[in-house]
Amino acid sequence: MPGPAPQPNMLKLIRGNRGRRPLPKNEPKPPGKIPTPPPFLGKIGRNEWRRVTPKLAALGLIDLLDRNTLGAYCNAYENLTECKAHLLVWNSQNPDQFNQVATATGGRKTHPLVAQMIAHEKNMIMFGREFGLSPSSRGRLDIVPTDPKARNKFAQAANPDYWADKSGQT
């Protein structure tokens, strides 16, 4: 499939419909509830879950259907944190071998936890991008206030629900 992955309407409205293409009218609209953390998350992952879900919910970027994707982000965060903690212990016990281990031939190579940390960081970035959790993806957001009184006429007109309400009032 060429080109970027399609974005949901809510994300297009937040970022702005730069291509000015018509938005799909029949896109599913989940109820917008905050899901419970998945059972596979440990303490660190659940803490990250509790940190980000209220903020994502306030922006309308999370729903019950997003549980596993956000859970994967929080799990990657937890794994990264644990790898970093183990690596800090290793480095404190082996100050002459910073982030390195001895090989069987007496040489040195990068500690395997460094590669795991890099993999977990990539996963965090990949999953976080889905929710606008990276600086570059957040920089593309243009948040529309959810309070109808706070919206201006142009922001109201950009909302497909606005036109659906108008067509029903005839």
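Inspect all residues belonging to region 39-47 and state whether any of them is among the aromatic types (Phe, Trp, Tyr), within 16 Å of His120 (Cβ to Cβ) and open to solvent by 80 Å² or more (accessible area, probe 1.4 Å).
Filtering region 39-47 down to residues among the aromatic types (Phe, Trp, Tyr) leaves 40.
Among the residues that remain, those that are also within 16 Å of His120 (Cβ to Cβ) are: 40.
So of that shortlist, the ones also open to solvent by 80 Å² or more (accessible area, probe 1.4 Å) come out as 40.
Within region 39-47, one or more residues are among the aromatic types (Phe, Trp, Tyr), within 16 Å of His120 (Cβ to Cβ) and open to solvent by 80 Å² or more (accessible area, probe 1.4 Å).
Pro112 passes all but one of (1) under 26 Å from Leu13 (Cα atoms); (2) free of Cβ contacts under 8 Å to residues at least 24 places away in the same chain; (3) not small (Gly, Ala, Ser); which number fails?
It is condition (1) that Pro112 fails.
The values are calculated or read from the model by the stated rules, or taken from the named source; none is laboratory data. Here the structure is a predicted model, which is why all the values come from computation and not from measurement. All Cβ positions, even for glycine, are placed from backbone atoms using ideal geometry, and neighbour counts span all protein chains on display. These accessible areas exclude ligands, DNA and RNA; they are computed on the full protein's heavy atoms, side chains included. Shrake-Rupley method; radii C 1.70, N 1.55, O 1.52, S 1.80 Å.
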